[in-house]
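Let me begin by presenting the structure, written as structure tokens, before commenting on it.
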Amino acid sequence: MLRPWFSILFAGLLGLAASAPAEAQGVRPERRAANPFTVSGVPVDASAESAAAARPIAIAEGQRRAFTQLLRRLTLPEDHGRLPRPSEAVLNQSVAGFEIDEERTSPTRYIGRITVSFYPDMIRRLLQDARLPYSETQSRPVLVIPVWQAPSGDRLWEADNPWREAWLRRPEGSGLVPLSIAPAREDGPPLDRLLGNPDELRTFARKLGFEDVLVVPATLQQQELGNIRIEIYPYHDGSATFLDSLERFVMTGGTQEEVLTNAAMDMTRRIEARWKAATVIDLEKQSQLSAAALFGGLAEWTTLRNSLNGVPGLRKVEVQRLSHRDAQLLIEFYGDPDQLAVALAQRDIMLEQRDGFWQLRSRKQ
């Protein structure tokens, strides 16, 4: 059986660089909203004297459900108990629009799923008025490799990996960290070759196009009727430091499917909480720094400048000096430089100090 000290096995998961698109390699990319203020897949269900009369009731209830889901997405878990509860008028003013994802009707019932978009400025204002810190920064996708460990045998790339299936049952697109689940595949590197040749797994992961990978073994510790116990040992490799210190934990329940599904959901919540803690916008803390933007020519400067547009927490960028190779920028932002660096990194922009001076450049240079 694969042992909990699996970090030896996956020591090759270092420095993963983006290359081929994940979807082309068979990884199911998690749906990621075009902006964090859009909520997809919201279930709606209402009954009335006719389906036509039930439809607006269902849509209105779905929009309020989407509003709550959005606020929970953007705020810290410890603040979920004091989220604003707006009036119908304020809620309607916050909704930018909605789309029908799917729908079914009966003579007196309307069932479906909708996608709801909200006005960012309205949501920000509601959170600010409630004095709630929030994050709207979306991370780069993370590859998740579920490893199932049980007396009957380990499952890594096999199709009958129940731990992978549990991850695939999670609701998609509900958070700020897109998680893509490594698929079953016949050409996955076998376990014995991974132990002896970590470069093989590194090459395999690089083809999937991910910088960060989270290996999540789940070990079946107890299997009795109505009493299932598993232990989770998350292990991260890559540049996303918020994933480095995820703790191992135990999950119990009545059935294996129930325990694994709850464990995948709990792991997702832990990841989201760590990401928001690292990127939350503190509107009480306004900062500025001077940085030299480095680039190779006008085209690179234009790309870099455009990438700065809409970075969460970035208030203003003033160009103080410009040449054909660099520019001196005065950047005003909320929070501290580390939070700004995290937000910029999601746009493939590196902010770092060299010899006491801040430098800004594209990761692709």
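The values are calculated or read from the model by the stated rules, or taken from the named source; none is laboratory data. Only a predicted model underlies this, so the values are computations on that prediction, with no experimental measurement involved. Positions of Cβ are generated from backbone atoms using ideal geometry, with glycine treated the same way; all protein chains shown enter the neighbour counts. Surface areas here come from the heavy atoms of the whole protein model, side chains and all, with no ligands, DNA or RNA. Shrake-Rupley method; radii C 1.70, N 1.55, O 1.52, S 1.80 Å.
Out of the total accessible area of the chain (probe 1.4 Å, heavy atoms of protein only), what percent is carbon and sulfur?
49 percent
I need to check one value: relative contact order of the chain, counting alpha carbon pairs closer than 8 Å and at least 6 residues apart, in percent.
18 percent
Compute the length gained on full extension between Q221 and M350: take 0.36 nm times their separation in residues and subtract their Cα-Cα distance, giving the result in nm to one decimal.
Net length gain for the segment: 42.1 nm.
Report which label in (i) 5, 16, 22, 26, 22, 7, 1, 0; (ii) 5, 24, 33, 24, 11, 3, 0, 0, 0; (iii) 5, 20, 26, 25, 17, 6, 1, 0 holds the value of P(r) over Cα pairs in 10 Å bins from 0, in percent derived from the coordinates of this structure.
Looking at P(r) over Cα pairs in 10 Å bins from 0, in percent for this model, the match is (iii).
What residues of the stretch 78-102 lie in the reach of a label at N35, counting those whose backbone N is under 18 Å from a point 7 Å from the Cα along Cα→Cβ?
91-99
Could you tell me what a quarter of the Cα convex hull surface of the stretch 35-85 works out to, in nm² with one decimal place?
4.3 nm²
Among all stretches of the chain without exposed GluC sites (Glu not before Pro) (DSSP loop, at most 11 other Cβ atoms within 10 Å), which one is longest?
It runs 50-185.
Could you tell me the convex hull volume per residue, in Å³, taken over the Cα atoms of the stretch 210-365?
Working: hull volume 20.5 nm³, N = 156.
It is 131 Å³ per residue.
Tell me, how many Å apart are the Cα centres for the stretch 255-295 and for the stretch 150-181?
Computed from Cα coordinates, the inter-centre distance equals 20 Å.
How big is the stretch 248-299 in terms of Cα radius of gyration and Dmax, in angstroms?
21.0, 62
Could you go through the stretch 331-337 in sequence order and give the Karplus-derived ³J(HN,Hα) for each residue, using 6.51 cos²θ - 1.76 cosθ + 1.60 with θ = phi - 60°, rounded to whole Hz, and x for Gly and Pro?
Computed from phi, the couplings for the stretch 331-337 are 10, 10, 7, 8, x, 10, x Hz.
Please work out the average accessible area per residue across the stretch 46-97, using the 1.4 Å probe convention, and give it in Å².
Details: 2580 Å² over 52 residues.
Counting only protein heavy atoms, the per-residue value for the stretch 46-97 is 50 Å².
Per residue, how many Å² of accessible area does the stretch 316-365 show with a 1.4 Å probe?
Value for the stretch 316-365: 58 Å² per residue.
Find which of T137, I181, P171 sits farthest along the positive direction of the dipole of the stretch 86-195, computed with +1 on the beta-carbon of Lys and Arg, -1 on that of Asp and Glu, about the Cα centre.
Checking the options against the dipole of the stretch 86-195, the answer is T137.
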